[in-house]
Structure formats: C-alpha cells, structure tokens
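K.L.:
Here's a structure for you.
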Amino acid sequence: MTYYKFLRLKGDQIISDWDGSAWKKNEWRDIACNPILQAQGFYASQCITDAVQWFGNVLAEVEVRGHSASGRVMSAHQGMRVMRAWRFGSQDWIDLAIYTAKLILPIFESRFPDDNRPRTAIGSGFAADAADAAGSAADAGARSAAHAARAAVAAADAMTRKADAAAYAARAVSSADGAAHGISAAARADVHNNIEIWLRGRVSMMEPLW
C-alpha cells in the first residue's frame, strides 16, 4: 500500500525532521524492533490530507514493510522506503489554505448569512476581521461556524506570512475538519475527500524530484 509523508529539502538532500538524516530513492530503512506510535518507527499517512499536519517542503510517496502500529491519521512502520518525491513550495501551501477555507466557508455563511468578514479575509489576506467573526461565532455557541471562520483566518495569514504558509495551511485543514465534524460524519468525510482530491490533482501537475 502507498503512504505519504512530508520531508524537507535541504541543499541537495531530502531529510527527515525527526533525526536530520538524508533519504535516498528506493533505499529501505528498517528498525529491528516493533514500531510504536509516537515512540519508534517510520511514520506516514494513507492520505496526503492526513500527512499535512507534519508539513515540510517535500511530499514523499513511500512504501512500507514489516510490522505496523496504526493511529487515526498516521501509522508507524518497521520498514520504509521513498519511491517518489515532489517539491511542495510556499505557493502550494497558500493555495491549499485558500482552497480549504473556501470549501468550508458555507458552514459559516449558512449560520451568519450577513457576515462577509471571513470571505473578505480570504480575498484580501487581512485576517483580523475574520478572527473577530470567529470569536463572535464562538460566543454565539456556533462552534462549526467558528471553526470555518478560523480556516479563513489561516488562509489570510498564509497569504501574508509566506514563510510560514505551510503551518497556516495545516491550521486551515485542521479548522476545516473541526467545522465539518460538528455538522456530521458524512460532512467530515466529504470535506476530507475534497481536500484529498485537490491535493492529488496538485501533485499530478508537479515535476517529481525523484
């Protein structure tokens, strides 16, 4: 089965943030013991969307072997190798944040149809008003709407703070999940699937590093 993880391009090497070691294409890495979540093993997610929270500037497609320990959004594996890798730059993260915020915006606007602050923030890159809208929604007990507005805040921040765009995009995806989770399991799955489709489409247009 194919899994995904984010790594980091440093100079001409693709490295792991975990230990700073360099990965090489098709080179297997293994540990002698069984993997344990948050403790030992090689980590990856079945979906790119789930891997986003461990962001980097390289997206890697990996293959695993041996024993595995599974979590909700990622798993630890005894053996792993990188099959393909793509550069995932600031503009990719910014566009992901914007797409995600727009995807989830109807949840806010259905609850507060006369409040255009989150939509304006996505268009302008100014987050303050959207943050105020999120606070107002939270005060009104509209938790899903508040999460949706926070996704707009993250998108605006990604646009204006490009050096940290990956972190803000990850925040937008997390906020979108929170917004949809408050609606229904079906809505949550639908949002997740749409983000995954967008990500895979984006990757299909990239030139692989490997």
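Laboratory data are not the source of any read-out in this text; all were calculated from the coordinates shown. Computed from a predicted structure; not experimentally measured. Because the Cβ atoms are built from the backbone with ideal geometry, glycine has one as well, and the counts that use them run over all protein chains shown.
K.L.:
Tell me the Kirkwood radius of the chain: reciprocal of the mean inverse pair distance over distinct alpha-carbon atoms, in Å.
P.N.:
Its Kirkwood hydrodynamic radius stands at 17.8 Å.
K.L.:
Lysine pairs, Cα distance under 17 Å, 8 or more residues apart or cross-chain: how many in the chain? Present the calculation step by step, with values, prior to reporting the outcome.
P.N.:
On the way: Lys5/Lys24; Lys5/Lys25; Lys10/Lys24; Lys10/Lys25.
Counting lysine pairs in the chain gives 4.
K.L.:
Please compute the modelled spin-label separation between Asp19 and Ser204, points set 7 Å along Cα→Cβ, answer in nm with one decimal.
P.N.:
Rounded to a tenth, the inter-label distance reads 3.7 nm.
K.L.:
Among 1-12, 47-58, how do they line up by average Cβ neighbours within 10 Å per residue, starting with the highest?
P.N.:
Taking the mean over residues of other Cβ atoms within 10 Å, the ranking is 47-58, 1-12.
K.L.:
A further question on this structure: I need the helices of the chain that pass two filters: whole DSSP H segments spanning 18 Å or more by Cα along the axis, and mean Kyte-Doolittle score no lower than 0.0.
P.N.:
Passing helices, by number: 90-111, 143-160, 165-181.
K.L.:
Per-residue HN-Hα couplings for segment 3-13, Karplus 6.51 cos²θ - 1.76 cosθ + 1.60 at θ = phi - 60°, whole Hz, x for Gly and Pro?
P.N.:
After applying 6.51 cos²θ - 1.76 cosθ + 1.60, I find 10, 9, 7, 9, 10, 9, 8, 10, x, 9, 10 Hz.
K.L.:
Return the calculated 222 nm mean residue ellipticity for the chain, to the nearest 500 deg cm²/dmol, obtained by summing -39500 (n - 2.57) across DSSP H runs with n ≥ 4 and dividing by the residue count.
P.N.:
-15500 deg cm²/dmol
K.L.:
If each of Ala39 and Lys102 carries a label point 7 Å out from its Cα toward its Cβ, how far apart are those two points in nm?
P.N.:
Those two pseudo-labels are separated by 4.5 nm.
K.L.:
What nm distance separates the two modelled labels at Leu9 and Met83, each placed 7 Å from Cα along Cα→Cβ?
P.N.:
In this crude label model, Leu9 to Met83 measures out at 2.2 nm.
K.L.:
For Arg84, which sequence-distant residues (separation of 5 or more, or a different chain) have an amide H within less than 5 Å of its own amide H, given hydrogens modelled in the peptide plane?
P.N.:
Counting only residues 5 or more places away or on other chains, the set is Glu61.
K.L.:
So, one more: Given H placed 1.01 Å from N in the peptide plane, which residues other than close sequence neighbours of Trp23 have an amide H under 5 Å from its amide H?
P.N.:
When sequence neighbours closer than 5 places are left aside, the close amide H contacts are Ile14, Ile15, Ser16.
K.L.:
Between segment 56-127 and segment 142-176, what is the separation of their alpha carbon centroids in Å?
P.N.:
10
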